[in-house]
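Values quoted throughout were computed directly from the atomic coordinates according to the rules given, and no laboratory measurement underlies them. Source: prediction; values computed, not measured. With ideal geometry, Cβ positions are generated from the backbone for all residues, glycine too; neighbour counts draw on all protein chains shown.
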Ligand code: SAM
């Protein structure tokens, strides 16, 4: 991800993001929520949190939270995520990457298109950023870029938690709503 000045950095993991995004992920049927960080202390912190809520006293205290946090896996880089997905998949397919950004970009795919792609059964990694967003070098090599979420205002800088929920609902949510 990048910082305010555009420099590539590794950000700290936000506890609230783990809880909120894992609940959205389990609700919409995502297979896993990967936290990607090369920072050893952040990796340890996330693993401790997950263990508490999935195996510790927290698992008994709140089974719904347990179910959501069981989806969280920590990996040091994207290649490790790709390998993990390949290893766990019945079909030896390399997952395709789909990056997200608040910025409008050329050749972005829309939500209907991504929904149709998901229905075909190919594995996808939906990538969301923290800090000031995903690094440009990552966006450039991704298989697809998703169009930004927008509303009627000219403000569209959502928190990663909100963006994750909105995207999951658009591409995996039931469409039989009133
Ligand atoms: N510190 C911030 C927070 O409160 O979560 C992190 C901001 S980070 C830039 C938010 C991430 O959510 C982006 O990298 C992108 O993945 C996604 N995002 C935010 N706004 C978006 C939009 N309008 N359309 C699509 N994705 C968006």
Spin-label model distance (nm) - residue 41 vs residue 93, 7 Å beyond Cα toward Cβ: 4.1 nm
Zero-based 5 Å bins, Cα pair distances in the range 102-162, whole percents: 4, 13, 26, 27, 20, 8, 2
Virtual spin-label span in nm between residue 137 and residue 122, 7 Å along Cα→Cβ: 2.6 nm
More than 25 angstrom separation, counting every C-alpha pair in the range 45-145; what % is that? 36 percent
Taking the Cβ of each residue in 44, 100, 37, 14 as the centre, tally the other Cβ atoms inside 10 Å and list the residues starting with the fewest. 44, 14, 37, 100
Taking one equal scatterer on every alpha-carbon of the range 42-81, how large is log10 of I(q)/I(0) by Debye at q = 0.16, 0.33 1/Å? -0.40, -1.04
At q = 0.14 Å⁻¹, what is the base-10 log of I(q)/I(0) for the range 138-178 according to the Debye formula with one equal point scatterer per Cα and no solvent? Please give it to two decimals. -0.44
Ranked 51, 97, 145, criterion: other C-beta atoms within 10 Å, fewest first: 51, 97, 145
Take every Cα pair under 8 Å in the chain that's 6+ residues apart, average their separations, divide by the length, and report that relative contact order as a whole percent. 27 percent
Helix-only mean residue ellipticity at 222 nm for the chain, each DSSP H run of n ≥ 4 adding -39500 (n - 2.57), per residue, nearest 500: -13000 deg cm²/dmol
Sticking to Cα atoms, compute the Rg of the range 1-62 to one decimal and its Dmax as the biggest Cα-Cα distance, whole number, in Å. 13.7, 44
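Antiparallel DSSP bridges in the chain: what percent, to the nearest 5?
In the chain, DSSP labels about 10 percent of beta bridges as antiparallel.
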Taking the reciprocal of mean 1/r across every pair of different Cα atoms in the chain, the Kirkwood radius in Å is 17.2 Å
Test of understanding: ordering 87, 66 by Cβ neighbours within 10 Å, fewest first, what list do you get? 87, 66
Along each principal axis of its Cα atoms, how long is the range 28-102 end to end? Whole angstroms, biggest number first, please. 38, 30, 28
